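The structure appears right after this line, and notes come after that.
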Amino acid sequence: MRLMAFDYGTKRIGVAVTDPMQIIATALTTVHPQDIWTFLTDYLQTEQIETFIVGRPRQMDGSDSESASHVVGFMRKLKKIYPTIPVVEIDERFTSKMASAAIAQSGKKKKDRQQKGLIDTVSATIILQSYMDSRSF
């Protein structure tokens with residue numbers, strides 16, 4: 001069964017998944033928040049998800065950021081629609097900066113690096129990898 005991670009934003013949601021053996025985290029897609037439920041319904045018809053991992057935005061002092069209330073609402077709806085799939089939240093501080101740095105180091109052209117959707121999917125992948133790393137100890 002796969003793990004699926006989300007970098008939730010009010011304009012875009014970055015989505016990443018693992019392979020079925022949960023070894024490799026891969027960027028999957030970016031979905032508009034209005035379309036996420038249709039996307040998940042379609043995806044879950046062919047793939048099994050063991051756990052949803054959601055990045056929770058926090059301030060430097062650990063308190064919730066302004067966008068955290070949207071993320072909480074998203075997690076609540078995930079739990080309601082998919083009650084059999086656990087939802088785990090993980091601190092997502094610095095994931096966008098890490099994603100931008102990783103994209104820059106990949107040698108992509110500046111125009112490609114500025115694509116917000118690419119940053120969102122890479123952020124989701126970093127969130128997923130962080131979760132996988134935290135479990136391996």
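The values are calculated or read from the model by the stated rules, or taken from the named source; none is laboratory data. The shown structure was predicted, so the numbers you read here are calculated from the model rather than taken from an experiment. Cβ: placed from backbone, ideal geometry, glycine included. Neighbour counts: every protein chain shown.
Just a few scattered comments:
- Counting the residues of region 79-109 that are modelled with pLDDT under 95 and either within 14 Å of Ile13 (Cα to Cα) or assigned to a helix (DSSP H, G or I) (or both) gives 12.
- Of all residues in region 26-38, those that are assigned to a helix (DSSP H, G or I) and over 16 Å from Gly9 (Cα atoms) total 1.
- Scan region 5-33 for residues that are out of contact with any Ser or Thr (no Cβ under 8 Å at 6 or more places or on another chain) and over 12 Å from Phe74 (Cβ atoms) and the total you get is 6.
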